[in-house]
Amino acid sequence: MSDPCLQAENLHLWRGERHVLRGVSFALSRGVCLHVAGANGAGKTSLLRTACGLLPAESGRLSWDGRDVQEDLAGFQGALIYIGHEPPLKADLSALENLRYWIGMRRRVSPAALASALQRVSAAAWSERPARTLSAGQKRRVALAALSLALVPLWLLDEPTTNLDGEGQQLVGALIEEQLARGGMVLAATHQELPLAPARVRRLELRLA
């Protein structure tokens, strides 16, 4: 295995009086998916939010390519895409407009590339509809289209197969496999097993305090 690119060392996080993360450590290398598992309330979402710099830990260290992420937080966040429980879609924009805005904040993307990404996730038929009219599963597919266009080395995914049918869940697996094949990394928190080859996946089990 190659040297870790994303490394957490002894992370501690409190939410009010609750000690959510208790000395969590992990190392994530290129070509690997780390599956964060655990019961509800074990801190899976908190760990992902901490890992992308949205929720600073009270103690511990998070490093990217051997450098503390706080030294260049903007640069680190530019190397990742985070998709939480609710995809960050603007309600009055269409699926296509949301995707153009989301990816356009990172790089230029052609109309053909946007159309291809939406077609890949079976979203082309309703791509002109406002996001507020879409089902939870349709919104999740827009987020999957964003993954395919982001071109960043690190994906952080919170319950990526939620609200998807069987075909959609297999699509998540295919997209993750492609990300790993090109040397990317995935940190995914989910209750379900990921539809990936076992050799690609490492597991981190969080336990309730």
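Odds and ends about this structure:
- Considering region 23-49, the residues that are among the β-branched types (Val, Ile, Thr) and under 25 Å from ARG182 (Cα atoms) include one that is surrounded by the fewest Cβ atoms within 10 Å (Cβ to Cβ), namely VAL32.
- Of the residues GLY84, GLY60, the single one that is at positive phi, in contact with a Leu (Cβ under 8 Å, 6 or more places away or on another chain) and surrounded by 13 or more Cβ atoms within 10 Å (Cβ to Cβ) is GLY60.
- Residue count for region 89-123, restricted to those that are in a loop (DSSP other than H, G, I, E, B) and exposed (fewer than 14 other Cβ atoms within 10 Å of the Cβ): 7
- Any hit, region 54-73, residues being closer than 25 Å to LEU147 by Cβ, assigned to a loop (DSSP other than H, G, I, E, B) and in contact with a Pro (Cβ under 6 Å, 6 or more places away or on another chain): no
- Flag for ALA188 being small (Gly, Ala, Ser) and either in contact with a helix residue (DSSP H, G or I) (Cβ under 6 Å, 6 or more places away or on another chain) or farther than 17 Å from ALA146 by Cβ (or both): no
- Cross-chain or 6+ apart pairs with Cβ under 7 Å, region 35-46 first and closer than 20 Å to GLU17 by Cβ and free of Cβ contacts under 8 Å to residues at least 60 places away in the same chain, then of a type in the set (A, V, I, L, M, F, W, C) and in a strand (DSSP E or B): SER46/LEU13; SER46/VAL20; SER46/LEU21
- Selection count where residues are in a helix (DSSP H, G or I), within 23 Å of the chain's Cα centre (by Cα) and of a type in the set (Ser, Thr, Tyr), scope region 124-133: 0
- Filtering region 162-209 to residues that are in contact with a Gly (Cβ under 7 Å, 6 or more places away or on another chain) and either without any contact (Cβ under 8 Å) to a residue 24 or more places away in the chain or surrounded by 17 or more Cβ atoms within 10 Å (Cβ to Cβ) (or both) leaves LEU164, GLY168, LEU180, LEU194, LEU196, LEU206.
- Residue match in region 141-151 (condition: at negative phi and surrounded by fewer than 18 Cβ atoms within 10 Å (Cβ to Cβ)): no
- When we screen GLU128, GLU193 for residues that are among the charged types (D, E, K, R) and at pLDDT below 95, the only hit is GLU193.
- When ALA143, ALA117 are checked against the criterion of being in contact with a Pro (Cβ under 9 Å, 6 or more places away or on another chain) and at pLDDT 95 or above, ALA143 stands alone in meeting it.
- Of the strands (runs of 3 or more DSSP E) lying entirely inside region 1-43, those containing at least 2 residues that are within 19 Å of GLU193 (Cβ to Cβ) are 18-28, 33-37.
- Taking each residue of region 113-136 that is polar (S, T, N, Q) and looking for partners that are assigned to a helix (DSSP H, G or I) with beta-carbon atoms closer than 7 Å, six or more apart or interchain, yields SER122/ARG141; SER127/ALA95; SER127/LEU96; SER127/LEU118.
- Matching option when the condition is in contact with an Asp or Glu (Cβ under 6 Å, 6 or more places away or on another chain) and under 21 Å from LEU208 (Cβ atoms), among HIS12, HIS19: HIS12
- Yes/no for TRP64 being within 14 Å of PRO153 (Cβ to Cβ) and not acidic (Asp, Glu): yes
The values are calculated or read from the model by the stated rules, or taken from the named source; none is laboratory data. Given the structure is predicted, the values throughout are model-derived calculations rather than measurements. Don't worry about glycine lacking a Cβ; one is built from the backbone with ideal geometry, like all the others, and counts go over all protein chains shown.
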